[in-house]
Amino acid sequence: MLTLYDAPPCPYCARVRIVLAEKNVELETIEIDLDDRPAWIYEKNATGRVPVVEEDGWTLPESAVIMEYLEERYPEPALLAPDPAERALARLWILRHDDFTQPYYALRREEDGAAERFDEQLAKLDASLAVRPWLGGAEYGLADVAYVPWVLRARDMLGVPVDAHPALVDWLHRVLERPAVAAEAGIVAAL
Ligand SMILES: N[C@@H](CCC(=O)N[C@@H](CS)C(=O)NCC(=O)O)C(=O)O
């Protein structure tokens, strides 16, 4: 059985929760208190961060790597397209995710200009979603999962207005139709 070291507020953990739910993987969840982390978490991940997954005594940190691991370990339903170009596009979004999260965390720290910089990032997602239905291309997949935890938290916890970005609003509506993402919205609502 797979174990997930998890923290409900953590958007990186949310990526992994969503992928596991999409793939209907049976799991045990061990909740880590981020304000009072147990010392043993450093044995699972030298940085002390979550998420970490563990399977048969083997541990793996880093949400982007975990998502890819889960995609290979539990291939059905697929969350990466068969087309190499679409797989590459999804990976590019995931690789460049820091461009999106830097202004998000700056906004959380209430830094000057952060709202504008984060809105530029939302506009970038919107522009892509205006030409393709999903971030990775024709189908929902890992790129959408990689971004939606922050978009939900920005909208529902930081009060960021998203209405000026119609393709993003439409994507959010479609992505929330997936039970795995709707469950995550429920977690955010309870934070
Ligand atoms: N690059 C990591 C980031 C994970 C991360 O930053 N997790 C946060 C919670 S959202 C954490 O464990 N923070 C504790 C710390 O930084 O000490 C990933 O993608 O998994």
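Remark: the range 26-172 carries a charge dipole of roughly 420 debye about the Cα centre, counting +1 on each Lys and Arg Cβ and -1 on each Asp and Glu Cβ. To the nearest µm²/s, what D does Stokes-Einstein give for the range 71-121 at 20 °C and 1.002 mPa s, using the Kirkwood radius over alpha carbon pairs as Rh? Answer from the Stokes-Einstein relation: 166 µm²/s. Overall shape: oblate for the range 28-134, with the ratio a/c of the largest to smallest alpha carbon gyration tensor axis at 1.5 or above and b/c at least equal to a/b. Normalised radius of gyration (Cα atoms, divided by 2.2 N^0.38 Å) for the range 102-191: 1.05. Near GLU55, once Lys and Arg are set to +1 and Asp and Glu to -1 for all other residues with Cβ below 14 Å from its Cβ, the sum equals -2. Restrict the search to the range 18-60; then list the GluC sites (Glu not before Pro) that DSSP places in a loop and that have at most 13 other Cβ atoms within 10 Å of their Cβ. When the GluC sites (Glu not before Pro) of the range 18-60 are filtered for loop state and at most 13 Cβ neighbours within 10 Å, GLU26 remain. Using a Gaussian network model of the chain in which every pair of alpha carbons under 10 angstrom is joined by a spring, one finds that among HIS165, HIS173, HIS97 the greatest mean-square fluctuation is at HIS173.
Annotation for the range 144-187: trypsin sites (Lys or Arg not before Pro) lying in DSSP loop with at most 15 further Cβ atoms inside 10 Å of their Cβ do not exist.
The Rg/Rh ratio for the range 34-92, using Cα coordinates for both the radius of gyration and the Kirkwood hydrodynamic radius, is 1.10.
Taking the DSSP bridge list for the chain and keeping only pairs wholly inside it, about 60 percent are antiparallel.
For the chain, count all C-alpha to C-alpha pairs, find those more than 27 Å apart, and express that count as a whole percent of the total. Tail fraction, whole percent: 27. Annotation note: GluC sites (Glu not before Pro) in the range 103-163 located in DSSP loop regions with a Cβ neighbour count of at most 15 within 10 Å are GLU110, GLU111. GNM on the chain, alpha-carbon springs under 10 angstrom: the most fluctuating residue among ASP112, ASP99, ASP156 is ASP112. A Förster radius of 25 Å combined with the Cβ-Cβ distance from ALA46 to ARG73 puts the calculated FRET efficiency at roughly 0.65.
Taken together, the values in this text are just the output of simple stated rules run on the coordinates, not laboratory data. Everything numeric here is computed off the predicted structure, so don't read it as measured data. Counting neighbours? That spans all protein chains shown, and the Cβs are built from the backbone with ideal geometry, glycine included.
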